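*Asks:* One structure is given below, represented as structure tokens, and several questions about it will come after.
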Amino acid sequence: MSESSFLNFDFFNNFSRMSGLLWDGTLETLYMVFFASAVSIIFGVPLGVILLVTSKGYFWESPNFYRILGTIVNALRSVPFIILMVAIIPFTKFLVGSSIGTTAAIVPLTVGTIPFLGRLVETSLRTVPTGLIEAATSMGASPWQIVRRVLIPEAMPELIQNFTITVILLIGYSAMAGTIGGGGLGDLAIRYGYMRFRADMMISTVIILIVMVQVVQFIGDLLSRHFDHR
């Protein structure tokens, strides 16, 4: 075998291996982001609704409850994600039986994102004019009906934009999860790009992450315009 043939074989072998690693890392990142987003929305939306309806001027106004819940939410939001991942390792092990891997990474991803999304949801719901709420109340609508049929539909464009922000945040968080064995593109960037000085791997992971963010933002903008009937 000639030297040029050997070099070509080595190049294509390395390229094939790197492509396989990037594909697996991309799938792991999508897995983490999808499930973390779903769980964050399931818990974050009710949290935002509770924050709103217990605040001043709303149905179940309760200053003390709102203050306590708001303090807890703000405290969780203030913890840097890299510290949060390490701090809740025992909780992660209790839930999934391990603190390493893509499934384990979903736990800190959701814990760190739920309070963030809760505040965004509260802010979105506050954009609904109080006149609509008063009109629904005068027609005999219950608080739950007002939330379900007035607040959420009217705030849907803003909610979708905030869901988009949350998913993009989770893409960045998932990359950080790779620093403690969370898998995904962040793990590849650390193990191959940084520790093995593979600039091609580092650049490739960054490009894939940028593409993910662009796609998510495009879909979010599209859906937001679709639901905006104002």
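*Asks:* Any idea what angle helix 199-227 forms with the longest principal axis of the chain, computed on alpha-carbon atoms, 0 to 90 degrees, nearest 10?
*Replies:* The answer is roughly 30 degrees.
*Asks:* Region 185-199 to region 59-97: how many Å between their Cα centroids?
*Replies:* With region 185-199 and region 59-97 each reduced to a Cα centre, they are spaced 31 Å.
*Asks:* Still on this model: Assuming 0.36 nm per residue, please report the length gained on full extension of the stretch residue 134 to residue 195 beyond their Cα-Cα distance.
*Replies:* Full extension of this stretch gives 15.9 nm more.
*Asks:* Could you state the angle between the C-alpha long axis of helix 63-78 and the longest principal axis of the C-alpha atoms of the chain, as a value from 0 to 90 degrees rounded to the nearest 10?
*Replies:* The helix 63-78 is inclined about 10 degrees to the chain.
*Asks:* At 0.36 nm per residue, and after removing the present C-alpha to C-alpha distance, how many nm does the segment from residue 67 to residue 179 gain when stretched out fully?
*Replies:* Stretched out fully, the residue 67 to residue 179 stretch lengthens by 36.8 nm.
*Asks:* Assuming 0.36 nm per residue, please report the length gained on full extension of the stretch residue 60 to residue 214 beyond their Cα-Cα distance.
*Replies:* Result for the pair: 51.5 nm of gain on full extension.
*Asks:* Can I ask one more? Specify the angular offset, from 0 to 90 degrees and rounded to the nearest 10, of the alpha carbon long axis of helix 102-125 from the longest principal axis of the alpha carbons in the chain.
*Replies:* The angle comes out near 30 degrees.
*Asks:* Further question: Which ordering of 28, 158, 61 is given by a fewest-first count of other beta-carbon atoms within 10 Å?
*Replies:* 61, 158, 28
*Asks:* What percent does the relative contact order of the chain come to when contacts are Cα pairs within less than 8 Å and at least six residues apart?
*Replies:* Normalised by residue count, the contact order of the chain is 25 percent.
No value in this document is a laboratory result; all are computed from the given coordinates. All figures in this text were calculated on a predicted structure; none of them were measured in a lab. Using ideal geometry, Cβ is built from the backbone for each residue, glycine included, and neighbour counts are taken over all protein chains shown.
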